[in-house]
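Student: Take a look at the following structure, please.
FYI, it's all coordinate maths here, none of it is from the lab. Computed from a predicted structure; not experimentally measured. Neighbour counts are summed over all protein chains in view; Cβ atoms, including those assigned to glycine, are modelled from backbone coordinates with ideal geometry.
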Amino acid sequence: MIPAAFDYVRASSLAQAIDLLRDDPDGTKLLAGGHTLLPALKLRLASPALLIDIGGIAELKGIEISEAGIRIGALTTHAELFASEPLNKELPVFRQAASLIADPQVRNRGTIGGSLANADPAADWPAVVVALKAEIEIAGAHGFRRVAARDFFVDIFSTALAPDEILASIRIPRPKPGMRFIYRKIRHPASGFAVVGIAVGVRLHGGVVAEICIGVTGAANHAFADQHAADFLTGKMLSRDNIDQAAKLLGETTECLSDRYASAEYRANLIRVEIRRALLALSS
Amino acid sequence: MPEPDNRHIVTLEINGTRKTVAVEARKLLVHLIREDLGLTGTHVGCDTSQCGACTVEIDGQAIKSCTVLAVMADGASITTIEGLTDPGAELSPVQAAFHEHHALQCGFCTPGMVMSVRQLLKDQPHPSEHDIRHGLAGNICRCTGYHNIVRAVESLASKGDQP
């Protein structure tokens with residue numbers, strides 16, 4: 001399969017990429033790892049006039065960990081997130097989630113920024129960054145702005161990014177002592193995407209939930225932060241009864257997608273099963 | 001701004017040799033390798049980044065060349081199956097293990113499998129059977145000859161050979 005013809009420019013800086021993008025935002029696509037965009041072009045689901053290759057822009061690379069927090073450049077690949085020792089020492093959920101994405105070759109090229117900006121409703125990273133209470137740093141003509149991950153995903157394949165903006169990095173607060181994260185997914189056997197994926201961060205204090213954040217992907221039009229189950233569990237023990245009730249709440253309050261892979265009822269059930277498993281793992 | 005059919009000059013190192021080729025922006029790396037450079041050991045299978053028959057190494061990393069534009073490889077160093085050994089010369093360790101363990105039937109997936117096994121053994125020199133199956137998840141063998149492929153990789157793991 002051959003994509004329709006397009007022009008191609010390799011941008012050398014973020015400023016140059018934004019300038020090029022502003023010329024014709026609707027006719028332009030940004031190319032990073034290309035592992036969603038190129039299959040879409042080959043299937044002629046998109047026919048942009050111009051591709052801006054942002055893959056060589058140094059400002060969009062790297063993982064930095066400082067007192068202030070963690071910065072992950074948009075171009076960081078799934079394989080780099082899997083392999084980074086400093087990152088996984090702080091947040092082993094990155095290795096755990098990365099290992100569940102696609103296959104080794106795809107992980108070598110696909111980027112976290114591409115995954116988030118594409119906002120596939122079944123992608124894995126959206127749930128993880130929501131549970132991490134991350135902020136998405138966005139570059140535009142007038143500088144940078146940040147959007148909370150929970151507000152970034154607005155609809156199917158749709159985000160808070162304006163057509164002339166570029167996702168620059170993911171900013172994650174340093175986890176408080178005792179904060180633990182887990183990501184679980186029911187993997188579609190052919191595509192590898194999440195039929196349902198749940199990321200949970202929990203901090204227990206004296207056996208009681210002091211802080212909890214739940215990110216859900218695959219279930220609805222876009223990844224979202226659950227509030228109902230989280231509010232219910234805050235201040236409570238992670239007992240089997242409480243976990244069961246939280247799971248029931250999450251299943252009831254999610255407006256699940258229905259497609260040829262999984263009905264809404266089945267997805268709601270998978271949510272209950274996966275949140276229960278995640279919370280049981282975090283309770284021990 | 002150049003016209004969409006303008007050609008782009010791509011210079012890359014392929015199996016140790018420097019090449020410069022003019023390509024259309026939409027040309028896929030796998031087609032550059034097969035058509036412009038005549039290296040037909042890299043196969044196009046599914047053409048949808050599932051099957052791994054097109055796996056080559058870019059700068060030492062296994063990737064699916066049906067999902068990379070040729071222009072994106074400008075300046076890169078690429079290794080294909082032809083780069084592992086010269087015609088008639090001794091097989092590379094992964095190829096020899098595949099031969100020894102009859103790890104191929106029709107052979108269509110084999111070049112991609114071999115390239116992925118190199119990545120797997122680089123990441124995990126002593127993989128378990130589970131590691132091998134997980135590490136080769138991006139390669140599909142439609143003859144379903146997976147058992148002997150796993151045995152071939154296990155033999156390399158126990159020998160500790162470099163791929």
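Student: Measure up A:LYS42/B:LYS122; B:LYS27/B:LYS64; A:LYS42/A:LYS185; A:LYS29/A:LYS133; B:LYS64/B:LYS122; A:LYS89/A:LYS176 against 23 Å on the Cα-Cα distance and list the ones that go over.
Tutor: Numbers: A:LYS42/B:LYS122 31 Å; B:LYS27/B:LYS64 14 Å; A:LYS42/A:LYS185 28 Å; A:LYS29/A:LYS133 28 Å; B:LYS64/B:LYS122 17 Å; A:LYS89/A:LYS176 13 Å.
Beyond 23 Å: A:LYS42/B:LYS122; A:LYS42/A:LYS185; A:LYS29/A:LYS133.
Student: Same structure again: Mind checking B:39-49 for the average number of partner chain beta-carbons within 10 Å of each residue's beta-carbon?
Tutor: Numbers: counts 0, 0, 0, 0, 0, 1, 0, 0, 5, 4, 12.
That works out to 2 on average.
Student: What is chain A's relative contact order, in percent, from Cα pairs under 8 angstrom and six or more apart in sequence?
Tutor: Once divided by the residue count of chain A, the mean separation gives 15 percent.
Student: Then there is this: Relative to the longest principal axis of chain A, what angle (0 to 90°, nearest 10) does the C-alpha long axis of helix A:14-23 take?
Tutor: Value to nearest ten degrees: 70.
Student: Another question, then. What's the center-to-center distance, using Cα atoms, between segment B:1-75 and segment A:180-202 in Å?
Tutor: Spelled out, the Cα-based centre of one part sits 33 Å from the other.
Student: Using only atoms on other chains, find how many Cβ atoms lie within 10 Å of each Cβ of peptide A:5-13 and report the average. List each step's numbers first, then the result.
Tutor: Values: counts 7, 6, 9, 11, 5, 5, 0, 0, 0.
Mean number of neighbouring Cβ atoms from other chains: 5.
Student: If you don't mind, there's one more thing I want to ask. Once the convex hull of the alpha carbons of the protein assembly as shown is built, what does its volume come to per residue, in cubic angstrom?
Tutor: Looking at the protein assembly as shown, the number lands at 148 Å³ per residue.
Student: Tell me, what does the Kirkwood hydrodynamic radius of segment A:62-172 come to in angstroms if you use every pair of distinct C-alpha atoms? It would help to have the intermediate numbers written out before the result.
Tutor: Numbers: mean 1/r = 0.0715 Å⁻¹.
Hydrodynamic radius (Kirkwood, Cα pairs) of segment A:62-172 is 14.0 Å.
Student: Here is a further query. Tell me, what does the Kirkwood hydrodynamic radius of segment B:93-159 come to in angstroms if you use every pair of distinct C-alpha atoms?
Tutor: Over segment B:93-159, the inverse of the mean reciprocal pair distance is 11.4 Å.
Student: In what sequence do A:LYS185, A:LYS133, B:LYS19 fall when counting other Cβ within 10 Å, fewest first? Each step should come with its number before you reach the end.
Tutor: On the way: A:LYS185 23, A:LYS133 19, B:LYS19 14.
Ordered from fewest to most neighbouring Cβ atoms within 10 Å, A:LYS185, A:LYS133, B:LYS19 come out as B:LYS19, A:LYS133, A:LYS185.
Student: On to the next question. Net charge near A:ASP241: determine it from the other residues with C-beta under 13 Å of the C-beta of A:ASP241, scoring Lys and Arg +1 and Asp and Glu -1.
Tutor: +3
Student: Normalise the Cα radius of gyration of segment A:180-283 by 2.2 N^0.38 Å (N = residues in it) and let me know the number.
Tutor: 1.02
Student: Another question about this same structure. Looking at segment B:7-83, I'd like the Rg to Rh ratio, where Rg is from alpha-carbon atoms and Rh is Kirkwood's inverse mean 1/r.
Tutor: Values: Rg = 11.0 Å, Rh = 12.0 Å.
Rg divided by Rh gives 0.92.
Student: Along its three principal axes, how long is segment A:7-53 when you only count alpha carbons? Whole Å, largest extent first please.
Tutor: 30, 20, 13
Student: Let me ask something else about it. When only C-alpha pairs under 8 Å and at least 6 residues apart count, what is the relative contact order of segment B:1-130, in percent?
Tutor: In percent, rounded to a whole number, it is 26.
Student: Binning at 5 angstrom from zero up to the longest distance, how are the C-alpha pair distances of chain B distributed in percent?
Tutor: So the P(r) values, bin by bin, are 2, 9, 18, 21, 19, 14, 9, 5, 2, 1, 0, 0.
Student: Related question: How much net charge surrounds A:ILE65 when only the other residues with a Cβ under 12 Å from the Cβ of A:ILE65 are counted, with Lys and Arg +1 and Asp and Glu -1? Kindly include the intermediate steps, with their values, before the conclusion.
Tutor: Details: positive: A:ARG71, A:LYS89, A:ARG171, A:ARG174; negative: A:GLU64, A:GLU67, A:GLU85, A:GLU90.
My count for the surroundings of A:ILE65 gives 0.
Student: Relative to the first principal axis of the alpha-carbon coordinates of chain A, what is the inclination of helix A:240-253, with its axis defined by its Cα atoms, in degrees from 0 to 90 and to the nearest 10?
Tutor: 40
Student: Right, here's the next one. Amide H to amide H under 5 Å from A:VAL195: which residues, 5+ apart in sequence or cross-chain, H placed 1.01 Å off N in plane?
Tutor: Result for A:VAL195 returns A:ILE186, A:ARG187, A:HIS188.
Student: Let me ask something additional. Could you tell me the ratio Rg/Rh of segment A:1-105? Both radii from Cα atoms, Rh via Kirkwood. List each step's numbers first, then the result.
Tutor: Numbers: Rg = 16.2 Å, Rh = 15.5 Å.
With Rg and the Kirkwood Rh in hand, the quotient comes to 1.04.
Student: Given charges of +1 on the Cβ of Lys and Arg and -1 on the Cβ of Asp and Glu, with all other atoms neutral, how large is the dipole of segment A:163-277 about its Cα centre, in debye to the nearest 20?
Tutor: Result for segment A:163-277 is approximately 600 debye, rounded to the nearest 20.
Student: Relative to the longest principal axis of chain A, what angle (0 to 90°, nearest 10) does the C-alpha long axis of helix A:264-283 take?
Tutor: With rounding to tens, the tilt is 70 degrees.
Student: Along the positive direction of the dipole of the protein assembly as shown (beta-carbon charges: Lys, Arg +1; Asp, Glu -1; about the Cα centre), which of A:GLY215, A:HIS228, B:PRO87 reaches farthest?
Tutor: Of the options given, the answer is A:HIS228.
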